[in-house]
Amino acid sequence: MSAFVFKYRGLLWGIFAFAVVIFPDDASPLRLALAAPFLVCGQAVRFWAAGVIPKYRTLVLDAPVLVTWGPYAFIRNPLYAGNALLGCGWSLMAGPFWLPVFAVAYFAIYSLVIIPYEERFLLKKFQDEYASYRSVTPAMVPNILKFGECAARKAGEFDAKKSWSMERHSLRMNAAVTAVILARLAFL
C-alpha cells in the first residue's frame, strides 16, 4: 500500500484541491492575507529543496545519494514541509472547516504512510549514515535551537536551473489551484 500511495502522491493533492473548490466557505480578506505567506513560503521551500537533490519526480522510490545540505540540513522532508505550507494556505483561503480536514489528511498520508515508507528505504540503502542523520535532523519542523549546528553541515550546491526544471510543474499547479480557489470564492 505504501508504494501505491507514494506513486500517486500527486493525485492526492488534486483530490484535496477539488474538494476545496467544490465546498469552499465564504471569501474573507483576512484569510486570504493569512494564506499568502504560507503559499509563498511553501513554494520557496520546495524550490530550494528541488535545487539540491537529484531528480525526484519518480514513480518508484530511489535516492542515488543521501542529501543532508540545503534545506535537508534543517529537516529531512523539506518537499513535504513545502506541501504542508501550501495545503495550509489553500485551507485558510477556503475556510476554517478545511484546515483541520487538511491537517488530518496530511498527517495520515504523509506521516503515517509516505514518510515511513521512504525512511525504511533510506535506512536500508544508507544504513548508519541515514540513522545518524535521522537522529539529529527533525522530520518536518526545524529545531531552531540547533539552527547553527544544522547550518554548519556539509555544504552542497544549489542548481537554480535544475530546480526550475523540476519545480515549474508544481509552481504552475500551485498557481492554478490558488487561482481556482480565489475565483470560486469570488463567485460565492
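The values are calculated or read from the model by the stated rules, or taken from the named source; none is laboratory data. Here the structure is a predicted model, which is why all the values come from computation and not from measurement. Note that each Cβ is placed from the backbone with ideal geometry, even for glycine, and that neighbours are counted across all protein chains shown.
A few comments on the model shown:
- Residue check for ARG153: on the phi < 0 side of the Ramachandran plot and modelled with pLDDT of 85 or more: no
- Some residue of segment 30-52 being of a type in the set (A, V, I, L, M), under 25 Å from PHE121 (Cβ atoms) and at pLDDT below 85: no
- Within segment 72-107, if we keep just the residues that are among the hydroxyl-bearing types (Ser, Thr, Tyr) and over 17 Å from ARG31 (Cα atoms), the residue that is surrounded by the fewest Cβ atoms within 10 Å (Cβ to Cβ) turns out to be TYR106.
- Boolean, ILE75 is assigned to a loop (DSSP other than H, G, I, E, B), within 22 Å of ALA50 (Cβ to Cβ) and among the hydrophobic types (A, V, I, L, M, F, W, C): yes
- Qualifying residue in segment 82-98 (condition: free of Cβ contacts under 8 Å to residues at least 40 places away in the same chain, part of a helix (DSSP H, G or I) and on the phi < 0 side of the Ramachandran plot): no
- Scanning segment 166-181 for residues that are surrounded by 14 or more Cβ atoms within 10 Å (Cβ to Cβ) and modelled with pLDDT under 85 yields MET166, SER170, MET173, ASN174, VAL177, THR178, VAL180, ILE181.
- The single residue among GLU129, GLU157 that is among the acidic types (Asp, Glu), out of contact with any strand residue (DSSP E or B) (no Cβ under 7 Å at 6 or more places or on another chain) and not in a loop (DSSP other than H, G, I, E, B) turns out to be GLU129.
- Residues being more than 20 Å from SER2 (Cα to Cα) and either modelled with pLDDT under 90 or among the small types (Gly, Ala, Ser) (or both) - total across segment 107-149: 13
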